[in-house]
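A short write-up of the structure that comes next.
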Amino acid sequence: MQKKLKQIICAVDFSPHSDEVVAYAADLQQCGAKLTLLHVEQGENDSRFMLKKHLHAFSHYSDILARRGSRALFRVQYGEPAAKILAYAEENNADLLLLGSHGSMAYTRLLMGSTAESVMRRSTCPVVVYKSPETGNSAREREDSAQLLSNNKKQSA
């Protein structure tokens, strides 16, 4: 029997790859679950510069969500990413954690570890690790291209 998703936590790192993860999260949210986009900033710096960076990135994600008829809560935590993601998920009774994977080199993962790998090993709820196809285009670039094509077709008609 499948459990109905009520709370999805989507971890984002503000990289272009996160656009893909947010778009995928919006599609998953169509089941009616609450969606939270969580960014974990390493360290304890919460200066005004960081706040502007976070607001700008979340505004961009808000645009992606709106185009898909979705919405989310935005949260920022400071500290070690895997630990903060897991703690937030536990505190908020997450039914699903969604993370992106950059597919970094194996030797780098061996030396430093992978946030996604650490979260997968330690999570008490299901984890989806999203790895986008190596197309070279972010979700934003593809959506912008689709919008241009749509506008061109309307003008041609």
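The values are calculated or read from the model by the stated rules, or taken from the named source; none is laboratory data. The model shown is predicted, which means the values in this text are computed figures rather than measured ones. Ideal geometry is used to build each Cβ from the backbone, glycine not excepted, and the neighbour counts take in all protein chains shown.
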Residue list for region 36-80, restricted to those being outside any loop (DSSP other than H, G, I, E, B) and of a type in the set (A, V, I, L, M): 37, 38, 40, 50, 51, 55, 57, 64, 65, 66, 73, 76
Leading residue by the ranking (farthest from residue 32 (Cα to Cα)) among those in region 93-134 that are among the polar types (S, T, N, Q) and at pLDDT below 70: 108
Number of the exception - residue 3 against (1) at pLDDT 85 or above; (2) in a loop (DSSP other than H, G, I, E, B); (3) under 16 Å from residue 127 (Cα atoms): (1)
All positions within region 21-59 that are under 23 Å from residue 131 (Cβ atoms) and exposed (fewer than 15 other Cβ atoms within 10 Å of the Cβ): 27, 30, 31, 42
